[in-house]
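For reference, the structure discussed in these notes is given below.
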Amino acid sequence: MRIFLTGATGFIGSAIVPNLLNDRHEVLGLARSGTSADALRQAGCDVLQGDLRDLDSLRRGAAQADAVIHTAFDHDFSRMAENCEMDRIAIEAMGSALAGSGKRFIVTSGLPPLMGRVSTETDILPAGAHGMPRVSEQVAMALTDSCVRVSVIRMPQVHDQNRQGFASYLMDHARKQGFSAYVGEGQNRWPAVHRLDAARLYSLVLDKGRVASVTMRWARKALRSATSRKRSADG
């Protein structure tokens, strides 16, 4: 299949690209800059110049593809509401190009902001809950009424050996301020997944995901396995 991928040179998208190519898909990557375009061409992708504000480029990319994977998001937290609105409009633009086609549209979302318990795929993500203005999932799911095969991936904190998701910002702040702050007793638990595992999940959803489905994945088993191996090594 020919896949239109937003965020193709981003933290997760750059790991999705080789998986798609290895699975013999063609990749059309959205590129904001010449540097990003060159990186995509060197990786073996076709390039569509544009960004999330360029709605015409988003529509063209979606119309040219057999499926769309949307991972791009501006994580400037000082403009969170504005960035969430840009994301909403971008999803609607790509969805309009896919309307009536029956093509697959995989959209990235966040986890439900539920307090005091672990959330699951069956939990409904309420719009604007706890001050969160991001509505990627709600907007995407509404496209199923237009004959678009929507799947949503609720992504937790994504890390590798160099970056640790939102925790990276907290660690950088601690280095600058000279202390590390925490909420309450510091017993918070954040789900996390390695970027390579996250990237493979998109390929699995592309090939096997159910329509109008929500997928959540984090490294609980991997962390338990790593802990067990460490205990064994320690004797």
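The values are calculated or read from the model by the stated rules, or taken from the named source; none is laboratory data. Everything numeric in this text was worked out from a predicted model, so none of it was measured. Every residue, glycine among them, receives a Cβ derived from its backbone with ideal geometry; neighbour counts consider all protein chains shown. Remember, those area values only see protein heavy atoms, side chains included, never the ligands or the DNA or RNA. Shrake-Rupley method; radii C 1.70, N 1.55, O 1.52, S 1.80 Å.
Tabulated data for the structure shown
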read-out	value
Backbone HN-Hα couplings from phi across the stretch 150-161 [Karplus 6.51/-1.76/1.60, Hz, Gly and Pro as x]	8, 10, 10, 10, 7, 8, x, 5, 10, 9, 9, 6
Amide H within-cut-off set for residue 215, under 5 Å, with H built and near neighbours excluded	152, 153, 154
Degrees, to the nearest 10: 55-64 long Cα axis against longest axis of the chain	70 degrees
Degrees, to the nearest 10: 166-177 long Cα axis against longest axis of the chain	50 degrees
Fraction in percent of alpha-carbon pairs per bin - 5 Å, the chain	1, 6, 13, 17, 19, 17, 11, 7, 5, 2, 1, 0, 0
Angle in degrees between helix 34-43 and the longest Cα principal axis of the chain, rounded to the nearest 10	90 degrees
Segment residue 2-residue 63, extension gain: residue separation times 0.36 nm, minus the distance between their alpha carbons	20.9 nm
Accessible area of the stretch 45-120 belonging to carbon and sulfur atoms, whole % at 1.4 Å probe	51 percent
Share of alpha-carbon pairs per 10 Å distance bin for the stretch 21-115, given as whole %	14, 44, 33, 9, 1
Potential lengthening between residue 212 and residue 145 on full extension [0.36 nm per residue; Cα-Cα distance subtracted]	23.1 nm
Ranked order, 203, 78 - accessible area, probe 1.4 Å, largest first	78, 203
Largest-first ordering by accessible area, 1.4 Å probe, given options 176, 103	176, 103
Charge sum, other residues only, whose C-beta stays under 11 Å from residue 195's C-beta, Lys/Arg counted +1 and Asp/Glu -1	0
Built amide H within the under 5 Å cut-off of residue 26, gap 5+	2, 3
Average silhouette area of the stretch 133-177, convex hull of alpha-carbon atoms, in square nanometres	4.8 nm²
Per-residue SASA entry for residue 204, accessible area with 1.4 Å probe, Å² rounded to 10	80 Å²
Net charge, residue 159 excluded, C-beta distance under 13 Å - Lys, Arg +1, Asp, Glu -1	0
Candidate residues 182, 169: accessible-area rank, largest first, probe 1.4 Å	182, 169
